[in-house]
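The values are calculated or read from the model by the stated rules, or taken from the named source; none is laboratory data. On a predicted model such as this, the values are computed, not experimentally measured, just so you know. Because the Cβ atoms are built from the backbone with ideal geometry, glycine has one as well, and the counts that use them run over all protein chains shown.
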Amino acid sequence: MEEYFSIIPEELNEKTGLNGRQIEERILKNKSNQLDTQSAGKTTKEIILKNCMTLFNFLNIMLFITVISIGSFRNSFFMVSILVNTSMGIFQEIKAKKTIEKLSVLKQNQVTVLREGKEVTIKKEEIVLDDLLFLAKGMQVPVDVCALSQGLFVDESMITGESELVEKMRGDTIYSGSLVMQGKIKSIVTQVGEETYIAKLTKEAKSFKPMRSKIQIAIDRILRVIAIGIIPIALLVLLNQFVLSAMDLSLVESRKLAIIGSTTAISSLIPEGLVLLTSVALAAGVIKLSKIKVLAQSLPAIETLARVDVLCLDKTGTITEGKMSVEEVVYYHNTKEEVDATIAFLLKQDTESNMSTEALKKVFHEDTSYRFKKENYVPFSSESKSQAIEINGQGTFVLGAFDLIVNNIETSIKLEIESALKAGYRILAFAHTPSSILDNQVPKDGQIIALILIKDKAKSDAKQILTYFKEQGIKVKIISGDHPDTVAGIARDVGIKGKAISSKEIPDSKNELREIVEETSIFGRITPDQKRDLVQALQENGHTVAMVGDGINDILALKKSDCGITFGIASEAVKSVTHFILLEGNFSVLPQVVREGRKVINNINRVAGMNILRVIYVLTLILLLTFSRQLFPIESINLALVSSLAIGVPCALLILENDDQKIKDDFFRRIKTYVIPAGVTIGLTIMVMYMITYYAPIYSKFVGNIEVQLYVDFVVDATLIIGLTQFYLLYLLCRPLTVYRIKILFFSLALFFISYFIPVVNEFFGLSPVHSFRFFVPVVLSIVLLTIISRIVRDRTQWKSPTILLLTFFLFTAVAGIGLYLQQLHKDTVVTTTYWGKIPEAFDPLTEPIVDPEKKAVLQPLTDKLEVGASQTVSISYEGEELAKLEILPNVSMFDKQGIERKLNLPMVEGNPAETLHPGVYVKAEASNVSLHGWVIVDAKDVPTEVKKQLIE
């Protein structure tokens, strides 16, 4: 006892509590409970850091710096996308956080303390050290306290992990975070703020992980694989670009092209939109739910509720109005006046009112003519479903569930009970026994002296709501502490049929329980532990279980469920273990919550794979390029248009669709069946197109007799192939099509095509208007190949189907025909159009022209004076006819590719053009401002093959 009294300061009066001066002193000494002002979840700083400080962002920043350092500002545009994605993610999470905080204010419970002799209601953060704090049933203890009286039962599972009730005696410590399950006492605050046990425990819980949804886990797995693989793949890219490629890296421009190709490939391996899509969609869901006064206490809870396939309901206050009214009192053996007075005296001892006792207090009023003396009292318990009082000289009176408070019921009373149960009444019995209460154990050898019939009507919209859930394939289970027949009567009123079973019929065997819980929908007289066990059995059967309840007796089941739901009027202890709080207590909004969750997750499932597609086709292209010694053919800025219009726009619009169909766990199936085949198909198609340009002049045109390489046309076709194949994939992912999806697909496709005819867009993204349908053939072949692969992956037996066999025949026939055409085109090019003359490695461009061995092609300087840094115009002639003029900048290491294209549309190609056999003009300048070497290739139909062969050799 000395330890108990030592915690009470000498200046503190236990009967009056702290005074104003003492409170002020403690506030000045930072002895107030300021920890509670911190909002739950991540702080704003943590949200910003979480979105910014990622491996992928660090890689993107490094790539951005690299591209900027070589002056390729246009190819740094990918960083804009990163900044937008990161900013949107931060904005939506902070907005959702503020929404949750705003609604959380509505669900916060205040506490009662004794100050200056008065009971005062204050906010939890206003508690100070040594405050005298009242603890009552339903509270979550906000600070560490010491009990000043006995009779309190708490659940310390949040601290110990054990869900057993612990009785607290006078002088016992009660830690913050404990849930008061029974009793009411006065206590003294011993620790506040950062010094409370739960605060210290939270700091030490480094391994704590917040609730995560299935879609987040799936996306995290994908990101983990990419994060592990991106470093070795990046090294492979660098090896290909700088070691294995056929480029002459002694030239500055060659090195620039290699760097641009490397940054494009590596940055394209980062799916920056994947995490954004999920976090923004979930945050938007939280914000929408807030508009109907539903507080989602975590973002992943939305997905969990959307996946629910079993809904467990507590009857009272959920499907019923929760407005108990005493309809009738039936008396036996004793007089009405005596029974009423005794019940009123018993209720007077009950300081933990619930709906039943509140209804009783309206009927049974204290009669001062009866002078009772209390000897012992046992408060109401969810376990025993009763309360009892022992009165001096009169024995013990018990009020509670008729079938639990006495061992034997008279036959005549049984008949009346059965009749009342069929009518849907909740029945309380009042019994008397001469036995005494020993060790808080209520004797059950009494005799019923009165029955109290209580009515709680079903909500008018309950049947409609439960019908919705059944139509959505969600099983509904009613689990109540009331008598099974009472529960069954209410269940029938709301459209749930079936036999009700009681706690006595619940088997101890887990296997048997798993069978019963599947077959039965109505459970009565269920204890809190049994509610939890029923939920667990459903989970073990593979169900995702939601539990709706608002009572202390529902806490264990709410905690165990995948998704706990309660009402705004519930106690703080109940709210602390749930995921959703219906702030206005309106059960009818629950279908809307489910629909919103389904909408979010269905849309994420549908379009998230599109953000992985680029990773797959770029990876395919990287692996294929390793064996070809070629540079990465597309620049980052070229892919930006495709990513924006063929992925970003349609995905952003599709994520808004109202799709509330039952969720199917097909995220990985969609990726395996559609996304991976599409990515491999795109990568393979682009690689084949790239190699064909070195084999046949399909991207060439003649200027006079000179053939010009059309690099921009190749890029246009490549982006069209990627974009159109992506739209086909989007079509596959959107099936079955709805009017909304069709509109989005057509709108996005039209926007994608129109962008190629807008000069500003073309110039920015390095493209040109579509003036050829070369892309059409590879697009069709890609779509056919994707269709074949996806169908076979989805169902291996599909390869035998007539459709697949027909498509396969078409594909092979088309490829064979195209191959023959390209082979003939290649032969024609080699035989009829290729001739070249080598320019000496050093010459004076002011004095001597350069001619080919046959003296037909001439490279003639036109300027009179050559200055360092000045341009020089050179004339290209063939057989006396001037074909073109070329502007040379002698002080640069190599001609700017884009510059040459702009002036003459004559691209610069590295390496010996005799190897490519493509006609055109190829010039290479060395660092010296007066030396030049390279090749001129002109039309040479009249040159014999033997001469060409000799020249090439």
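Worth pointing out:
- Of all residues making up segment 156-186, the number that are under 36 Å from the mean Cα position of the chain (by Cα) and either at pLDDT below 80 or over 14 Å from S381 (Cα atoms) (or both): 14
- Residue check for G568: over 24 Å from D485 (Cα atoms) and in contact with a helix residue (DSSP H, G or I) (Cβ under 8 Å, 6 or more places away or on another chain): yes
- Residues (touching a residue at least 40 places away in the same chain (Cβ under 8 Å), β-branched (V, I, T) and within 21 Å of V761 (Cα to Cα)) located in segment 68-82: I82
Table: residues versus (1) modelled with pLDDT of 90 or more; (2) farther than 24 Å from P484 by Cα; (3) small (G, A, S); (4) out of contact with any Lys or Arg (no Cβ under 8 Å at 6 or more places or on another chain).
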site	(1), (2), (3), (4)
T335	no, yes, no, yes
V363	yes, yes, no, yes
E383	no, no, no, yes
A388	yes, no, yes, yes
G400	yes, no, yes, no
A420	no, no, yes, yes
L428	yes, no, no, yes
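- For segment 311-340, filtering for residues that are surrounded by fewer than 20 Cβ atoms within 10 Å (Cβ to Cβ) and at negative phi leaves 15.
Residue-by-condition table, conditions (1) buried (at least 19 other Cβ atoms within 10 Å of the Cβ); (2) touching a strand residue (DSSP E or B) at 6+ places or on another chain (Cβ under 8 Å):
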site: D439; (1), (2): no, no
site: V442; (1), (2): yes, yes
site: H483; (1), (2): yes, yes
site: G489; (1), (2): yes, no
site: V494; (1), (2): yes, yes
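- Residue in segment 187-224 that is surrounded by the most Cβ atoms within 10 Å (Cβ to Cβ), counting only those that are at pLDDT below 80 and basic (K, R): K214
Here is a yes/no grid of residues against (1) surrounded by fewer than 19 Cβ atoms within 10 Å (Cβ to Cβ); (2) assigned by TED's automatic domain parsing to the domain that holds T738; (3) among the aliphatic types (A, V, I, L, M):
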position	(1), (2), (3)
I601	no, no, yes
L625	no, yes, yes
I634	no, yes, yes
A640	no, yes, yes
L654	no, yes, yes
N658	yes, yes, no
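- Complete set of residues in segment 391-413 that are over 14 Å from D445 (Cα atoms) and either among the hydroxyl-bearing types (S, T, Y) or over 55 Å from the mean Cα position of the chain (by Cα) (or both): I391, N392, G393, Q394, T411, S412, I413
- For segment 697-713, the set of residues classified as crowded, with 21+ Cβ neighbours inside 10 Å, at pLDDT 65 or above and not hydroxyl-bearing (S, T, Y) consists of P697, D713, listed by residue number.
- Condition met for A652 (without any contact (Cβ under 8 Å) to a residue 24 or more places away in the chain and more than 22 Å from I260 (Cβ to Cβ)): yes
- Residue match in segment 507-514 (condition: surrounded by fewer than 21 Cβ atoms within 10 Å (Cβ to Cβ), touching a helix residue (DSSP H, G or I) at 6+ places or on another chain (Cβ under 9 Å), touching a residue at least 12 places away in the same chain (Cβ under 8 Å) and not basic (K, R)): yes
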